[in-house]
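The values are calculated or read from the model by the stated rules, or taken from the named source; none is laboratory data. This structure is a prediction, so every number in the text was calculated from the model and none was measured. Here the Cβ is made from the backbone with ideal geometry for all residues, glycine too, and neighbour counts use every protein chain on show.
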Amino acid sequence: NPGMFQALQWVVSVLMFLAMLASIAGIYETHFVGAGATFGTTGASLSILSFAVTAHLWIKSLACCLGACQK
């Protein structure tokens, strides 16, 4: 059913967007909360990597929802 598949794509896209927002919050928390601005820690580096991965996956899932999906 094409309509159900399209709805599932939009649900995945919304979930990826929420994951990206959570990773932005993680970047803020690991870099600026606590002892002030801290850079170079393992947690800070991993939070930036998680943001990059979730942003990429969100953009890719959004492109699929808009009809520009590459297999």
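Observations on the structure shown:
- Test: A63 is assigned to a helix (DSSP H, G or I), free of Cβ contacts under 8 Å to residues at least 24 places away in the same chain and of a type outside the set (S, T, N, Q): yes
- Number of the exception - S47 against (1) surrounded by 13 or more Cβ atoms within 10 Å (Cβ to Cβ); (2) free of Cβ contacts under 8 Å to residues at least 12 places away in the same chain; (3) assigned to a helix (DSSP H, G or I); (4) of a type in the set (S, T, Y): (2)
- Residue among A35, A55, A63, A68 that is aliphatic (A, V, I, L, M) and modelled with pLDDT of 95 or more: A55
- Residue in region 5-28 that is exposed (fewer than 15 other Cβ atoms within 10 Å of the Cβ), of a type outside the set (A, V, I, L, M, F, W, C) and not in a helix (DSSP H, G or I) present: no
- As a summary of the residue check, G40 satisfies the conditions (1) without any contact (Cβ under 8 Å) to a residue 24 or more places away in the chain; (2) not in a loop (DSSP other than H, G, I, E, B) except for the one numbered (2).
- Summed over region 27-54, the residues that are in contact with a Phe, Trp or Tyr (Cβ under 7 Å, 6 or more places away or on another chain) and closer than 22 Å to M16 by Cβ give a count of 1.
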